[in-house]
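Beneath this line is the structure, given in C-alpha cells, with notes to follow.
The values are calculated or read from the model by the stated rules, or taken from the named source; none is laboratory data. All of these numbers come straight from a predicted model, not from anything done at the bench. Cβ placement follows ideal geometry from the backbone for every residue including glycine, while neighbour counts extend to all protein chains displayed. Note: areas computed on protein heavy atoms with side chains; ligands, DNA, RNA excluded. Shrake-Rupley method; radii C 1.70, N 1.55, O 1.52, S 1.80 Å.
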Amino acid sequence: MPARSSLSFGSARLLIPLVGLVGLILGLTRLTPREPAAELRVVDAVSIATLDPAQMSWLQDIRVASQLYEGLYVPSARSTGVEPGCALELPGSDDSSLRFQIRTDARWSNGDPVTTDDFIFAWRRAVEPGTARDYSFFLYLIRGVREYVDWRNTEIERIGRLPPNERGAAAAAHRLEADRRFSETGIVREDGRTLRIELVRKVAYFRSLLAGPVFLPLHRGSVERFARWSDTGLLFFDPHWCKPGNTQYNGAYSLADWTFKRGLLLTKNPAYRDAASVAVGSVEWLDVASVDTAWLMYATGRAGWLLSLEAGFAPELVQQSDSPLPGALNHSGRKRDDVHAFPAFGTYFYNFNCLPWLPDGGRNPFADARVRLAFSMAVDRVALVSQVTRRDEPPATTIIPPGMITGYPHVEGAGLDLSRARSLLAEAGYPGGRGFPEVTLLFNNEANHGLIAQSVAAMWSQSLGVPVRLLGKEAQSYREDKKQHRFMVARASWYGDYDDPTTFLDVFRSDNGNNDSAYADPEYDRMLARADGLPDASARLQALAQCERYLFNGSMPAVPLFHYVNIYAFDPKRLTGVSLSPRLLPLLRNVRVSTSQPGAAGSD
Amino acid sequence: MSDRVLDVSNLGVAVRTPTGWRAVVHEVSFGLAPRQTLALVGESGSGKSISALAIMRLLNSRSARTTSGTVELDRVDLLALPERAMTRIRGRRVAMIFQEPMTALNPLMTVGAQVAESAELASGKSRAEAWSEAVRMLDRVGIADADRRAASFPHELSGGMRQRVMIAIALVARPAVLIADEPTTALDVTIQAQILSLLQSLQEETGLALLLITHDFGVVARMADQAAVIYAGRIVERGATDDILERPLHPYTRGLLACIPSLERPAARLTVIPGTVPSAGDEPSGCAFHPRCELGRDEARCRDEVPAAGAFADGRIVRCWKAEA
Amino acid sequence: MSHRLLSRLLQVPIVLFVIYTLTFVMVVAVPGNPFQREGSRALPPLLEQALRQRYGMDDNWTFYWRYLGRLMHGDFGESLQYENWSCNEIIAASLPVSAAIGLTAVLIALVVGVGLGTLAALRRGGLVDFAAIGLAVFSISVPAFVVGAALLILFSVVFPIMPVGTWGGPLDLLRPAVTLSLVPMAYILRLTRLSMTEVLDSDFIRTARAKGLSESAVIWRHALRNALLPVMSYLGPATAAAMTGSFVVERVFNVPGLGIHFVNGVLNRDQMLILATVLVYSTMLVTLNVLVDFVNGLIDPRVNLGAPA
C-alpha cells in the first residue's frame, strides 16, 4: 500500500492549485471589456449618476446630456445665455406665450424627424409623480401643470386606499383621464412641428430655462416601450432605457457604450442637423473617482481634457509655476499653458440661521440683522482667496457673480469694515463680543471647507471677540442638519440654473424650499415679486439689482465669500474650440483635435 | 577496548547563560561496544541529556556548543565532521530516541510515513519499498495490526505505542548505536517493562550498542552492562553495573543508592542527600559534590581541587580523593 | 467529517439572515434621506413618497420583507445613486475586478509572507530577521494611499512604463495587488515567523533532525505544514476582505471594483446597495471561513477529535 500522509505538500501537489489560482485571476480580469479607441478622451472627476434628462441635477450628468440631446434652446458657447437649438421661435411669441417651430432638419439618430410629440412626451415625464425630480418645478411656470400634478397625486393616493382588487380598473380609468387632462395644460400641440407654451405669467427668462436638461426632448417611440404603470396609477420607466442601443439621440453625439464606473463612449451622430460642423468623431468620457488620479491621467497623456482640476495642488498649477513632479509632465518645458482657470456661475457663502430661536431653545443672536451685518463685515475675503483657497477666485460681497448676466448692473455689498462691524455688534448688545453665545459653524468634511471655516472662524474670534466652534460633518448629516436648521452658521454654495438674477435671488424668498437660512422677510418678498413682474426688461433688471443690494447691505441673510472658479486642463495647441463659459458645459460639437502630433489628445 | 563502536573522550560542552558561556559538561569519557548497554545515570540537570545531544551534534548552536573532546564512531571523530557528512551519519549509523513520546512525532503525518521516511533516508529505497519496510518494523516493535496501524496518526496512539514507533523510526535504519534518552520515564510501569524488553531483544537481534540515559537505578540494574554516574557535568564513577551496585565507591553513588526506597525495609525513614544539585555553570569549587558530601564537606583538598579520575582494580573509574578500593 | 461540514454549511443562511436584519436596522436608523442627493435642490415630500413607492420602500417594514423576498430570488434591488443601474449589474461589473485584485494580493502576501517569515525564523536575531520585521512594520504603518500613489508615480511618471487608470490586462493588476497585499503580508509574515520559531523548537522537529534529514528537508517536510496552521485560519477572513475590494486602493488606481460601493453607498445612503454589498461580503466571508475550516480538517487530522460520529 503506498504511503498516505495527510494532504501532502509535495511540490507537484502545491503547483496544481497555484496554477489554478493564477488562471482564475487572469480569467477574472478578462471579464472587463477592453477600452475602445477614441479620438478624444475626456476625464471628469465625478461619476455619472443618471443619463435621464428629466431626473438629472448633477453637473457631470448635464454635461453628457448636452452632447446627446438638443432642446428648443441650447446653452451659448460664450456666455450664460442661450441660442436657438433644434427649433426656431415664431413671430408672435412673447414672454407669456412662446411658439416654436421645430426645424425640418432636426432628426433623431435613426432618421426619424424630431416632433412636438417628442417634446410633450419628455416634458410630461419631467412632471409625472413617478419620474419627476429636482427641476420639475420649472415646468410649474406653464399653465395648468401644477394643477395637473396635484390632481395626479391626489388620485394616486385615492387609488392606493382602494382594496387591491378594485385598483386595476380604477387605475385604467384614471390613466385615460390623465392623458386628457395633460393635453389641456399650457403645453399645446399645434401640429407635428409646431409647439406653443402658455405660461402662468410673464417669465422673462423662460428661454434660458428651455436650455436646461428637464426640457430636452426624448425619442418617444423608443422610450415609451419602457413605461410601466403601477396598480395605483403611478408612472415609472424602466431605467435601462438610458443604456446604449435603447433609444435615439438628436444631439451632436450618440451613446455608443456605457461601462459602469469606467466611462462612456460617444460617437458622432450623423443625423444631427449640424453634423457637418462636428469635428471629433468619437469621444471617450472617463469616470474617475480620485481627483489625483484624474490629474495623473491627463498629465501622462492618457486623457486630452480634464474637466475639473480639483487636486490638492491645483492652486500651484494655477499659479503657473513649473511642474512639481520630475519627468516629462511639462510638455513645452516652459511655464504651463494648459491649465485654464475661469470664473463659474456660482458662489460660495455662509448661511446665517435667521430664526428667532435656536434648536436648543436659546435665543438666536443672528436673528438680529445688525449681528449678521457685523459678522459679514468682519470677513477679509481678499485674504481668504489669496492665502487659503488660492485659485484666483473673485472675492464676493454679493451672491450673483458679476458680469455674467447680460444687462445686469454691478452691485456692491457690504465689504470689510472692522470698526463698523464692532460698533454694530456693540449696538446689538454684545460690545467686544461679550455675552455672545458660542457660534457653531457647520460644514461638510470635504475639499477645503474645513480650512475655509477655520480661517473665517479665526477672523470672527479675533476681530469681534466671539467664540466660534467648528462643526465638520459627513455630507449627508450636514445636509440633514441644514434642512432642519440645526446650525447657527452653515457653509453653502449655489450655482445659477438659468440666465437671470432670480435664479439666485429666489433662494431667499420666504417660501422657497432651498431657503436654508429660513430668512422670512415680507418686505423682500414684495420687492422681489414687484421687480420680477416689471414689463420692461432693463427696468426689471435694475429693480432686481435693488433687491440684491437690499439683501447684502442690510439684512444679510448670508455672507458671500467668493465666486467659484473652474479649472480645465488641456493643451491649447492640440485642442481648440473649447469654450470657457461660466455654465461649465463642454460643448464637444465645437471642439477640434489637432492630429499633427502623434498620440494627440489622449492616447491608448 | 579496541572493539568499541562508540568512543567518547574528554567531551566538554558549554551553554550560553545571561552572564556568558559556562561549561556544563567536563571531561566526559566513556565507550560502547556492540551488543553492550551503557547506562548514563544522573539526576535532572546533571548534564546527561546534553552530552547525548552533543554526541549527535543536535545542540542548538545559539545556546550550546561543544568545547572539547572527540566522539569516535568507528574511529571517525563525529565532532570534526562537516555538517553534510554528519547528516548522513545521524539517523543511520547512530540514532536517538527521546523522553516524551507524546510530542516527539509529527502530528500531521501518519506513523507509517514517519518510519518510512527513516527507511527511505537510510537506504534510498523507493516509496513503496520503504513503506513495506516500515510496516515490518512496526510489527517488529510490537504494534499489533501493523499494516492498518501504519496509516494512523500519532494522536490516535497511546504513549507506549508512540514510543514503540519512535524505536521503529530509530532502528529501521539499522544503526550501530542507539542513544535512548530516558525512554521510559514518561510511561506507565508496565509499559516501561515492555519497552525495555523490546530494546533488549532488538539489541540481541541486531548487535546494537545502546547508550541508555536514565535516573532510575532499577532500569540500570536490568538493562546495563556498564554504568556511568554523572554529577554536575562530570562522570564521578564508571564501571560494570554489578560492581557499582554491589559496592559503590563514590559518595554520591552511595547516596543515590541509599535513597532508593526498599520494599524490604518498608517503615524506615527515607534517606536524603542534603543540599541540591548545583545549577548549570554554577558549580562549587573543587569537587562539585563536596558541599553535600559527608566525607568531603570540610576537606580542603575536596574544596580546592577537582578530583582526577582514579582507576581501580575492577576496571572502575572514580573521581574522589577519598575513595578506597 | 461530512456531518460537521454539513452542520457548518447549514449555519450559513442563518448567519446571513441575522446579518441582513442587523444591517437593515442600522441602514434605516442612520440620519439622512436616501432620495435627497447632496448638493441638489430640495425634494418636495409628495415626490419623495412616489419615489419610495416605486422602489418598494414605502415604509421600513414593507421594505424589509419585500427586499428579503427579492434577495431570495437573487435580485439585489436598484441603486438609488446610480439610477440607471441595478445592484446586480453593479456587483456583476465590480466583484470580478475586486476578486482578481484580491486573490492576487493574497497570493503575493502568502508567498512573500511565508517565505520571509520562515527565513526570519531560521535566522532569528540576524540581519534577515531585522529586515523582515522592518518590512512588516513598514507595511502595516504606511497607508495604502501613500504606497499606491507612490507606485503610480514611480511607474507612470518617473519611469513611464505603465499607463494610469487603465483596466483590462493582467499588468493592470500588479500595482493595486501589491498595494493591497502589504497588510496581509505583514500579518502572515509575523504569524509565520512566530509559528515557525515555535515549531522549530518542538520535539518532533528534534526527532526529524535526529533522523538525519537535512535542514531544508526538515523545514519543508515537517516544520512548514505545522507552522502554517495558524496562517490558514487567518487566510479565510483575509481573503474575503481582499476579494471584496479596498476603497482606497481602487480609488487611487481608478479600478472599477466593489470597494468604492461600500463607502459611497453609505455616504449617499443608497440603502439597497449597502445591503447588497454587505450581504455579498458576508456571504464570501462566511463561505471562506467554512472552506478554511474544511481545509484545516484535511490537513490537520487532530481537528476531528471530539466531533460527533
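Computed from backbone phi, the HN-Hα couplings of the stretch A:148-160 come to 4, 5, 4, 4, 4, 4, 4, 4, 4, 5, 4, 5, x Hz, rounded to whole numbers (Karplus: 6.51 cos²θ - 1.76 cosθ + 1.60, θ = phi - 60°; Gly and Pro given as x). For the stretch B:117-130, 3J(HN,Hα) computed residue by residue from phi via the Karplus equation (6.51, -1.76, 1.60; θ = phi - 60°) reads 4, 4, 4, 4, 5, 5, 10, x, 6, 6, 3, 5, 4, 4 Hz, glycine and proline entered as x. With the charge dipole of chain A set up from +1 on Lys and Arg Cβ and -1 on Asp and Glu Cβ about the Cα centre, the Cα lying farthest toward the positive end among the listed residues A:SER136, A:TYR253, A:SER423 is that of A:TYR253.
The GNM of chain C, with springs linking C-alpha atoms under 10 angstrom apart, assigns the highest mean-square fluctuation among C:ARG54, C:ARG190, C:ARG66 to C:ARG54. Restricting the GluC sites (Glu not before Pro) of the stretch B:241-325 to loop positions (DSSP other than H, G, I, E, B) with no more than 16 neighbouring Cβ atoms within 10 Å leaves B:GLU264, B:GLU294, B:GLU299, B:GLU305, B:GLU324. For the protein assembly as shown, DSSP calls about 70 percent of its internal beta bridges antiparallel.
Relative to the dominant Cα principal axis of chain B, helix B:189-206 is inclined by about 80°. The heavy atoms of C:ASP129 offer some 10 square angstrom of accessible surface to a 1.4 angstrom probe.
Applying a threshold of 25 Å to the alpha-carbon distances of A:LYS243/A:LYS573; A:LYS243/A:LYS268; A:LYS261/A:LYS473; A:LYS243/A:LYS483; A:LYS268/A:LYS573 flags A:LYS243/A:LYS573; A:LYS261/A:LYS473; A:LYS243/A:LYS483 as lying beyond it. What you get for the stretch A:462-604, charging only the Cβ of Lys and Arg (+1) and of Asp and Glu (-1), is a dipole of about 440 debye around the Cα centre. Counted over chain B, the DSSP beta bridges are approximately 60% antiparallel. The string of couplings for the stretch C:217-222 from the Karplus curve (6.51, -1.76, 1.60, θ = phi - 60°) is 5, 4, 5, 5, 8, 10 Hz, one whole number per residue in order, with x for Gly and Pro. For chain B, the relative contact order comes to 20 percent (Cα pairs under 8 Å, sequence separation of at least 6). Mean separation of Cα pairs under 8 Å and 6 or more residues apart, divided by the residue count, gives the stretch C:205-305 a relative contact order of 26 percent. Near A:PHE237, the amide H atoms lying under 5 Å from its own belong to A:ARG228; only residues 5 or more places off or on other chains count, and H is placed 1.01 Å from N. For A:ASN444, the residues whose amide H sits under 5 Å from its own are A:LYS473, ignoring neighbours fewer than 5 places away on the same chain, with H placed 1.01 Å from N. Extending 7 Å from the Cα toward the beta-carbon at both A:ASN512 and A:GLN484 defines two label points whose distance is 2.5 nm. Applying a DSSP loop filter and a limit of 16 other Cβ atoms within 10 Å to the trypsin sites (Lys or Arg not before Pro) in the stretch B:1-37 leaves B:ARG35.
When a/c is below 1.5 the answer is rounded, else prolate if a/b is larger than b/c, else oblate, so apply that to chain C with a ≥ b ≥ c taken from the square roots of the Cα gyration tensor eigenvalues.
Taking the square roots of the gyration eigenvalues as a ≥ b ≥ c, chain C is oblate.
Taking all Cα pairs closer than 8 Å and separated by 6 or more residues, the relative contact order of chain A comes to 19 percent.
Rg/Rh, computed from the Cα trace of the protein assembly as shown with Rh as the Kirkwood radius, has the value 1.17. Between the amide H of A:ARG273 and those of A:ARG107, distances stay under 5 Å, these residues lying 5 or more places away or on another chain, with hydrogens modeled in the peptide plane.
When the trypsin sites (Lys or Arg not before Pro) in the stretch A:352-445 are filtered for DSSP coil states and for at most 14 other beta-carbon atoms within 10 Å of their beta-carbon, the remaining sites are A:ARG434. Our helix-only sum for the protein assembly as shown, with -39,500 (n - 2.57) per DSSP H run of n ≥ 4 divided by its residues, gives a mean residue ellipticity at 222 nm of -12500 deg cm²/dmol.
Calculated from the alpha-carbon coordinates, the stretch B:159-254 shows an Rg and a Dmax of 14.1, 41 Å respectively. With both residues required to sit in chain A, DSSP beta bridges show an antiparallel share near 80%. Could you report the accessible area of A:TRP258 in Å², rounded to 10, computed with a 1.4 Å probe on the protein chains as they sit in the structure? Rounded to the nearest 10, that gives 20 Å².
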